[in-house]
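Structure record follows, encoded as structure tokens.
The values are calculated or read from the model by the stated rules, or taken from the named source; none is laboratory data. If you're wondering where the values come from, they're calculated on a predicted model, not measured in any experiment. Positions of Cβ are generated from backbone atoms using ideal geometry, with glycine treated the same way; all protein chains shown enter the neighbour counts. Ligands, DNA and RNA are excluded from the accessible area calculation, which covers all protein heavy atoms including side chains. Shrake-Rupley method; radii C 1.70, N 1.55, O 1.52, S 1.80 Å.
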Amino acid sequence: MKRAVVSAAVLAASLALASTALPAQADATHAEPHFYTAKTPYTPQERLADYQPVPQGFTPVFTENVARHGSRAMTDSSDGDAVLAVLGTAQNQGALTGLGKRLGPQVESLLAAGSSIGYGNLAGLGVQEQRQTALRMERRLPSLFADITAKGEPIEVETSGVARAVASANAFTAGLTAGGPALGPLIQAPVTNKDLLYFHKQPQNADYQAYLASDPQLAAVLAEIDGEPATAKAAGNVVSRLFTPAFTAAMSTDDQISFSRSLYELYSAAPDLRVEAPDVDLDAFLPPRDAEWFAYLDDAEEFYQKGPAFQGRTITYKMAGVLLDDLFAQVEAKADGTSDKGAVLRFTHAEEIEPLAVLLGMPGSTKAADADDPYTYRSNPWRGAEVAPMGANVQWDLYARTTSQGTEYLVRMLYNEKETAFKPSCRPIVRGSYFYDLDELERCFDRG
């Protein structure tokens with residue numbers, strides 16, 4: 001079937017979009033500020049009612065996503081063990097404040113919750129996040145899923161093979177079948193594809209692994225950031241509220257920092273385990289101003305290890321090209337009539353989502369740091385909570401319209417379920433639209 005360029009008639013029908021305001025973002029704020037960075041639980045960023053209308057005559061024919069696993073347990077018990085060890089020493093010396101006496105039971109409950117599901121595994125909240133995201137996908141694209149069912153089109157599922165990604169895939173597809181039971185036989189069993197969805201650990205990216213392990217520029221900038229006086233100040237604030245003055249004074253600066261950073265890791269992990277540990281709340285032990293500083297340190301590591309990093313260097317994100325290529329390959333195959341798939345669903349990790357966001361030019365994801373001007377919250381919009389929260393996802397929907405000149409194809413991208421423009425060099429069908437001609441996307445991403 002001939003692929004046609006979007007017609008002038010479609011552009012004219014969409015001109016009204018140019019003057020409309022961008023859709024409102026769903027309110028994901030809290031009464032008090034929280035600083036969970038990339039461990040932030042998932043919240044969809046736009047309501048269905050706020051999406052732009054599909055251009056006249058177009059219908060969805062295919063959808064695909066790339067999703068981070070949902071909220072999970074912490075990787076291991078090391079941070080909790082470290083905090084409990086210091087608390088135990090202080091308790092033996094009668095050096096805990098009233099607040100300090102409350103911390104140990106909270107940490108023990110959090111560790112028990114993580115252990116109960118297995119460290120690193122998908123949490124109950126993560127299951128809910130994936131199921132609900134799937135149900136919203138169906139509500140956005142009811143005619144597509146009706147056609148998938150009617151035509152018996154397969155739904156392909158790929159994962160990194162890591163347990164939390166596989167469990168996320170299963171939770172997502174369970175959500176699809178809850179919304180449309182007839183989809184069940186069409187959903188294929190998850191297939192492991194590490195080269196596509198766990199590429200940061202594969203041999204072909206040994207240069208990236210070497211960068212993490214021994215790059216002098218990376219080590220120097222992170223040491224500079226960690227060594228800011230604000231780190232010791234924030235740590236001093238934290239421990240002075242939990243321990244008596246004498247005990248606090250006896251701790252070295254390094255010990256105070258180590259304790260406080262471990263406590264921050266628990267603070268940021270606790271919301272992901274709210275199903276297993278509903279009574280755990282560590283906010284009182286980490287004042288917002290100090291939590292924000294430790295969040296910055298965490299974001300700085302993510303920025304330099306998985307994000308845009310240093311200006312003039314592509315080591316942290318060029319490897320995501322394999323995933324970008326696959327996004328294009330799937331929509332192109334559908335448009336060219338060489339694929340009968342109704343949907344392709346992929347489940348992966350922050351190490352894949354963050355570099356993909358850079359390649360796609362996602363908002364807040366692209367600004368690299370000068371070598372002599374390190375990343376800060378003031379100078380750079382990159383935030384882990386926005387770029388790759390738990391359950392973060394990129395979705396491409398393919399729309400088609402057949403005319404006497406052939407079939408025209410449009411692509412719409414959602415980022416955490418918010419309609420999102422492609423990078424500035426890509427031209428939408430009309431200014432202000434989130435719909436792009438497939439040929440135009442191939443041009444602006446140099447897919448010759």
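Per residue, how large is the accessible surface of the chain? Use a 1.4 angstrom probe and give square angstrom.
41
When we measure straight from the Cα of K39, which lysines land under 18 angstrom away, once same-chain ones fewer than 8 places off are left out?
K306
Per DSSP H run of n ≥ 4, the term is -39500 (n - 2.57); total these for the chain, divide by its residue number, and report the mean residue ellipticity at 222 nm rounded to 500 deg cm²/dmol.
Here the helix-only value at 222 nm equals -14000 deg cm²/dmol.
Tell me the carbon and sulfur percent of the accessible area for segment 176-236, rounded to whole percent, probe radius 1.4 Å.
On the way: 1860 of 3120 Å².
Exposed carbon and sulfur together represent 59 percent of the surface.
Per residue and in cubic angstrom, what volume does the convex hull of the Cα atoms of segment 313-448 have?
Roughly 132 Å³ of hull volume per residue.
Run the numbers for K194 and D340: contour at 0.36 nm per residue of separation, minus the present Cα-Cα distance, in nm.
Result for the pair: 50.2 nm of gain on full extension.
Distance between the C-alpha centers of segment 257-298 and segment 203-227? Whole Å please.
25
Quote the Stokes-Einstein diffusion coefficient, in whole µm² s⁻¹, for segment 39-103, based on the Kirkwood radius over alpha carbon pairs, a temperature of 10 °C and a viscosity of 1.306 mPa s. Let's see the in-between values first.
Details: Rh = 17.6 Å.
After rounding, the answer is 90 µm²/s.
Between F172, T149, F58, whose Cα lies farthest towards the positive end of the dipole of segment 49-189 when Lys and Arg beta carbons carry +1 and Asp and Glu beta carbons carry -1, centred on the Cα centre?
F172
If we sort 332-341, 133-142, 59-68 on the protection proxy, mean other Cβ atoms within 10 Å, highest first, what's the order?
59-68, 133-142, 332-341
Leaving out ligands, DNA and RNA, what percent of the accessible area of segment 34-80 is carbon and sulfur, probe 1.4 Å?
52
Before anything else, pin down the relative contact order of the chain: Cα pairs under 8 Å, at least 6 apart, normalised by residue count, whole percent.
Computed value for the chain: 30 percent relative contact order.
What is the percent of Cα-Cα separations in segment 43-195 that go past 20 Å? It would help to have the intermediate numbers written out before the result.
Working: 7182 of 11628 pairs.
Of all Cα-Cα distances in segment 43-195, 62 percent exceed 20 Å.
At a 1.4 Å probe, what is the % contribution of carbon and sulfur to the accessible area of segment 343-410?
Summing carbon and sulfur atoms, their accessible area is 47 percent of the total for segment 343-410.
Of the peptides 364-371, 317-324, how do they stack up when ordered by the mean number of other Cβ atoms within 10 Å, highest first?
317-324, 364-371
Can you tell which of G100, V280, F247 lies farthest toward the positive end of the dipole of the chain, using +1 and -1 charges on the Cβ of basic and acidic side chains (Lys, Arg; Asp, Glu)?
The residue sitting farthest along the positive end of the dipole is V280.
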